Amino acid sequence: MDKKILLRHLDVPNINQLEVYRQHDGFKAFEKVISSMKPAEVTAEVKSSGLRGRGGAGFPTGIKWNFLPNDSWPHYVVANADESEPGTFKDRELMESNPFQFLEGLMLASFAVQANLSYIYLRGEFWEIAHDLDQKIQDLEDVGLLGENILGSGYSLHLRTHLGAGAYICGEETALLESLEGKMGQPRLRPPFPAVEGLYGKPTLINNVETLANLPPILLNGADWYRGFGTEQSPGVKIFSLSGCINKPGNYELPLGVTYGELINTYGGGVPEGRTLKAVMSAGASSDIVVVDQYCLDTPLAYETCMDRLGAPLGSASVIVIDDSVNIAWLVAKTVNFFKHESCGKCTPCREGTFWMNSITSRMMRNEASAADIDLLKNVALQMQGKCLCALGEFSTMAVVTGIDRFRSDFEKHVRS
Amino acid sequence: MNKLLKKYPNEIEKILSRYPADQTRSAVMPLLFLAQREEGFVPSDTLADIAEITGISETDITSVLGFYTLFHEQPGGRYYIQICTDLPCALRGSEEYLETLCQKLGVKEGETTADGLFTVEAVKCLAACHRAPMFQLQGDGEIKYYEDQSVEKTLAVIEALREKAKQEAANG
C-alpha cells in the first residue's frame, strides 16, 4: 500500500500536532459530517463500509451503533483504550503517534449517536498518554472543534479521559463501565446490553481505539473507497501486532486478507536464524495455539478465513510467533498464570478454574506433576468452557486445550512417567 | 476535617467536574491516585476523606483500592520498577532480565532495596511486547515506560534516580 490509513505518522512527520493533522485532511470528515449530514446517514455510511470492531470481536460497527434506542437519553460513547491483551500494542501507538485521528473518530461516533459527553477509558499504565490526550482535547476546545455549538452546527460535545488502575478485565465492556462508575471492574450480567443500559444506566456505545481511528478516512472518502481494501466480509485495513520469536516485532498496517506467511516472513522477517516456526497465537494469550504448516501460512488473516480454515478467531490480530525453542507446556503455564492473576473473582468457574489450572501448570513447571495431571488440566479447562460470566474465563482455556491436543509431547516432558 | 480536600481543593474540583454532577462515585479512582501521589500508597485515613467527597461508603472505596494493582495499600519503595514477564516479553528474555536486575540490586522479586527507593516487581502485560525487556516506573505520582531495556540501561536509570533523591535530601 502506498500510504498508511491509520499509522499515518509513518508517512507524515509530526501528525500528532493539531496544525499538521489539519494540513493533512484532519477534521475534514468531522466538519463535513456536522455541517451536512444527519446522524442516521453517518451510521448508514459506516454500516455500508463493512467496518468491523477492531478490539477482537469483529462485530459490524454500524450495526452496533444502531442498537442505541432513541427514546432514552442521554447517550454516551466510551472509547475502549484499555489495551491489555498480551501481544497487543496497537491502540497505544495510534494514541501516541496519530492521536487526533483517534479523537476525530471518537467525535464522529459521538455525533452519530448524538452523545454530548464521551469518555476515553485508558488502562492506568497509559498515564502519559492520558495526560497527552487531555492536552490535545484542550487544543480542540481552544479552536472550537470541541465544546458548545461546535462551528455553529448546534451540536455540542465534551471529551474526558478516565484512567483505570491495572486490571485486564476492564477491557471487557461491562467491567469497563463498572470501573468508570468508580467500582471494582467486574462484568455485568447481560442483558441488558450497554447499548440499552450502559454508563450510568444510559444507552452507551463502546468502541475500540483502532475502530474509531478508521472513521475519519471512511467518512471522508466513502464506504466504497474503504471496501477497496481487504476482503468481502472483512473490508479495510488492520493493524497487526507482531511479537514473540520474530526478527522484526512491531505494528504493521495491512489490508485484511494478507496471509500468515506474508505477515510473518515478508513483514516480520521470519523467526531468528537457525530456528523454525512452530506455532502462532493470533489473538494474544486468549488464542488457540495454531500449528504452523503450509496450510496455516497460506491462510488469509481475515475474520472469516481464520475461523473457517483454522478454527481460531482473528481476534485483535495480535500475532504471537512461537518457534521450536519454545516448550508449549511452559507457554501454557504462562497464559494460565496471566488469567489466574486477572480473573476478577466474580464467577466461580473462572475464579476457581484459573486457580486450579495454575496450580497444575505450576506443578508441571516444578517437574513435580504426574502423567495424569495432563488430562486433569484439560479436564478443568473443559469444565470451565461455556460456564463463565464473561469471555475471560473461556479465553483462559483456549491455549490449554489446543496446547495439550496439539503438543502433548511438550507436556510429557514436564511430568513424571 | 477533610485533609485531602484541604490539600488539593482545585484538583479535586477539577476531577469532580469531569463527571455528571450526580455521578460523583466516578471520581473514586482519580481520587485514590491523588491520595497516593505523595507517599506512594493510600494512607488509610484518606479513605474517609474520599468517602465524604464521593458520598459512598469507606467499604466500597476499600473494595476499589484492593481490586486494582496500581493502587498500593502499604508503604513500598518510592519507585516501583514493574517488569512485564508475560508471554511475549518472556520470549524476548524478560525473565532473565528480571533475575539479573534483582541480583544486581540485592533483592528478590517483590522486595524493596535497602535504601527504600526501589521495589522490583514482575507484572502482567503492559502493551509493550515488541520492545521487551521493558518496565514501567511508578512513583512520585507518575507512571513512565522504559522500553528496549538491558540490565545496564536500567541500572543507569536507577542511579540517576538515586542521585536525584540524594540532591533532594541535600537541599532539605
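The values are calculated or read from the model by the stated rules, or taken from the named source; none is laboratory data. In this text, all values refer to a predicted model and were calculated from it rather than measured experimentally. Because the Cβ atoms are built from the backbone with ideal geometry, glycine has one as well, and the counts that use them run over all protein chains shown. SASA here: full protein model, heavy atoms, side chains in, ligands and nucleic acids out. Shrake-Rupley method; radii C 1.70, N 1.55, O 1.52, S 1.80 Å.
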Problem set entry | Count of residues meeting criterion [open to solvent by 20 Å² or more (accessible area, probe 1.4 Å) and either among the hydroxyl-bearing types (Ser, Thr, Tyr) or touching a helix residue (DSSP H, G or I) at 6+ places or on another chain (Cβ under 9 Å) (or both)] in region A:22-33 | 6
Exercise. Condition test on residue B:104, is it open to solvent by 10 Å² or more (accessible area, probe 1.4 Å) and under 26 Å from residue A:163 (Cβ atoms)?
Worked result: no
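So that you can scan it fast, the table gives a plain yes or no per residue for (1) surrounded by 14 or more Cβ atoms within 10 Å (Cβ to Cβ); (2) small (Gly, Ala, Ser); (3) without any contact (Cβ under 8 Å) to a residue 60 or more places away in the chain:
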{"position": "A:365", "(1), (2), (3)": "yes, no, yes"}
{"position": "A:373", "(1), (2), (3)": "yes, no, yes"}
{"position": "A:387", "(1), (2), (3)": "no, no, yes"}
{"position": "A:390", "(1), (2), (3)": "yes, no, no"}
{"position": "A:397", "(1), (2), (3)": "yes, no, yes"}
{"position": "A:402", "(1), (2), (3)": "yes, no, no"}
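Any idea which residue in region B:133-160 is least open to solvent (accessible area, probe 1.4 Å), counting only those that are assigned to a loop (DSSP other than H, G, I, E, B) and of a type outside the set (D, E, K, R)?
Taking region B:133-160 first, the residues assigned to a loop (DSSP other than H, G, I, E, B) are B:133-134, B:140-141, B:147-150.
Those still in the list that are of a type outside the set (D, E, K, R) too: B:133-134, B:141, B:149-150.
On the way: B:133: 19, B:134: 1, B:141: 35, B:149: 22, B:150: 39 Å².
Residue satisfying both the conditions and the ranking: B:134.
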Exercise. What pairs come up if the first residue lies in region B:88-99 and is without any contact (Cβ under 8 Å) to a residue 24 or more places away in the chain, the second is part of a helix (DSSP H, G or I) and open to solvent by less than 70 Å² (accessible area, probe 1.4 Å), and their beta carbons are under 6 Å apart, counting only those six or more places apart or on different chains?
Worked result: none
Exercise. Does residue A:153 qualify as being surrounded by fewer than 22 Cβ atoms within 10 Å (Cβ to Cβ) and touching a residue at least 40 places away in the same chain (Cβ under 8 Å)?
Worked result: yes
Exercise. Restricting attention to region A:348-363, does a residue exist that is closer than 25 Å to residue A:179 by Cβ and part of a loop (DSSP other than H, G, I, E, B)?
Worked result: no
For this session: Mind telling me which of the residues A:199, A:220, A:215, A:180 ends up being closer than 27 Å to residue A:253 by Cα, in the same structural domain as residue A:100 (by TED's automatic domain parsing) and open to solvent by less than 40 Å² (accessible area, probe 1.4 Å)?
Result: A:215
For this session: Quick one: residue A:334 ticks every box in (1) among the charged types (D, E, K, R); (2) assigned to a helix (DSSP H, G or I); (3) not assigned by TED's automatic domain parsing to the domain that holds residue A:354 except a single one, so which number is it?
Result: (3)
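Here is a check on your reading of the model: is residue A:31 assigned to a helix (DSSP H, G or I), out of contact with any Pro (no Cβ under 7 Å at 6 or more places or on another chain) and of a type in the set (Asp, Glu)?
Values: assigned to a helix (DSSP H, G or I): yes; out of contact with any Pro (no Cβ under 7 Å at 6 or more places or on another chain): yes; of a type in the set (Asp, Glu): yes.
When the stated conditions are applied, residue A:31 passes them.
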Exercise. Can you name the number of the only condition in (1) within 23 Å of residue B:127 (Cβ to Cβ); (2) away from chain A (no Cβ under 13 Å) that residue B:4 fails?
Worked result: (1)
Exercise. From the list A:226, A:295, A:303, which one is open to solvent by 40 Å² or more (accessible area, probe 1.4 Å) and either among the hydroxyl-bearing types (Ser, Thr, Tyr) or assigned by TED's automatic domain parsing to the domain that holds residue A:394 (or both)?
Worked result: A:295
For this session: Say whether the condition of being at negative phi, more than 12 Å from every other protein chain (Cβ to nearest Cβ) and of a type in the set (Phe, Trp, Tyr) is met by at least one residue in region B:143-152.
Result: no
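For region A:5-21, which residues satisfy the criterion of being crowded, with 16+ Cβ neighbours inside 10 Å and either in contact (Cβ under 8 Å) with a residue 40 or more places away in the chain or at positive phi (or both)? Step through it out loud before you land on a result.
Just the residues of region A:5-21 that are crowded, with 16+ Cβ neighbours inside 10 Å, to begin with: A:5-9, A:12, A:15-16, A:18, A:21.
Within region A:5-21, A:5, A:6, A:7, A:8, A:9, A:15, A:16, A:18, A:21 qualify.
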For this session: Being open to solvent by less than 20 Å² (accessible area, probe 1.4 Å) and not charged (D, E, K, R) is the filter here, so list the residues in region B:48-71 that pass it.
Result: B:50, B:51, B:54, B:61, B:64, B:65, B:68, B:70, B:71
For this session: All but one of (1) within 11 Å of another protein chain (Cβ to nearest Cβ); (2) at negative phi hold for residue B:127, so report the exception by its number.
Result: (2)
For this session: Return the pairs, sorted by first residue and then second, in which the second residue is at pLDDT 95 or above and of a type in the set (S, T, N, Q), the first residue lies in region A:88-99 and is assigned by TED's automatic domain parsing to the domain that holds residue A:122 and more than 14 Å from residue A:54 (Cα to Cα), the beta carbons are less than 9 Å apart, and the residues are 6+ apart or on different chains.
Result: A:93/A:241; A:93/A:251; A:96/A:16; A:97/A:16; A:98/A:16; A:99/A:16
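Return the residue satisfying two criteria in turn: it lies in region B:1-11 and is of a type outside the set (Lys, Arg) and open to solvent by 50 Å² or more (accessible area, probe 1.4 Å), and of such residues it is farthest from residue B:78 (Cα to Cα).
Taking region B:1-11 as the starting set, the residues that turn out to be of a type outside the set (Lys, Arg) are B:1-2, B:4-5, B:8-11.
Still in the running and open to solvent by 50 Å² or more (accessible area, probe 1.4 Å): B:1, B:5, B:9-11.
Working: B:1: 28, B:5: 24, B:9: 25, B:10: 25, B:11: 23 Å.
If we take residues in region B:1-11 being of a type outside the set (Lys, Arg) and open to solvent by 50 Å² or more (accessible area, probe 1.4 Å), then B:1 is farthest from residue B:78 (Cα to Cα).
Return yes or no: is residue A:57 modelled with pLDDT under 95, away from every other protein chain (no Cβ under 14 Å) and under 20 Å from residue A:236 (Cα atoms)? Reasoning before the result, please.
Numbers: modelled with pLDDT under 95: yes; away from every other protein chain (no Cβ under 14 Å): yes; under 20 Å from residue A:236 (Cα atoms): yes.
Considered against the rule, which asks whether it is modelled with pLDDT under 95, away from every other protein chain (no Cβ under 14 Å) and under 20 Å from residue A:236 (Cα atoms), residue A:57 comes out as yes.
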For this session: Could you check, for region A:230-250, whether at least one of its residues is basic (Lys, Arg) and surrounded by 22 or more Cβ atoms within 10 Å (Cβ to Cβ)?
Result: yes
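So which of B:99, B:95, B:109, B:73 is outside any loop (DSSP other than H, G, I, E, B), more than 14 Å from residue B:154 (Cα to Cα), modelled with pLDDT of 95 or more and of a type outside the set (Ser, Thr, Tyr)?
Values: B:99 fails: more than 14 Å from residue B:154 (Cα to Cα); B:109 fails: outside any loop (DSSP other than H, G, I, E, B); B:73 fails: outside any loop (DSSP other than H, G, I, E, B).
Selected residue: B:95, the only one of B:99, B:95, B:109, B:73 that is outside any loop (DSSP other than H, G, I, E, B), more than 14 Å from residue B:154 (Cα to Cα), modelled with pLDDT of 95 or more and of a type outside the set (Ser, Thr, Tyr).
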Exercise. Of all residues in region B:12-45, which are within 13 Å of chain A (Cβ to nearest Cβ) and open to solvent by 70 Å² or more (accessible area, probe 1.4 Å)?
Worked result: B:14, B:17, B:21, B:22, B:37
For this session: Scan region A:330-363 for residues that are within 13 Å of chain B (Cβ to nearest Cβ), closer than 27 Å to residue B:66 by Cα and either among the aromatic types (Phe, Trp, Tyr) or surrounded by fewer than 16 Cβ atoms within 10 Å (Cβ to Cβ) (or both) and report the count.
Result: 4
Exercise. Can you spot a residue in region A:264-285 that is basic (Lys, Arg) and in a strand (DSSP E or B)?
Worked result: yes
Exercise. Only one of (1) farther than 22 Å from residue B:152 by Cβ; (2) within 14 Å of another protein chain (Cβ to nearest Cβ) is not met by residue B:92, so which one is it?
Worked result: (1)
For this session: Test residue B:77 against the criterion of being among the small types (Gly, Ala, Ser) and either open to solvent by less than 10 Å² (accessible area, probe 1.4 Å) or touching a Gly at 6+ places or on another chain (Cβ under 8 Å) (or both), and give yes or no.
Result: yes
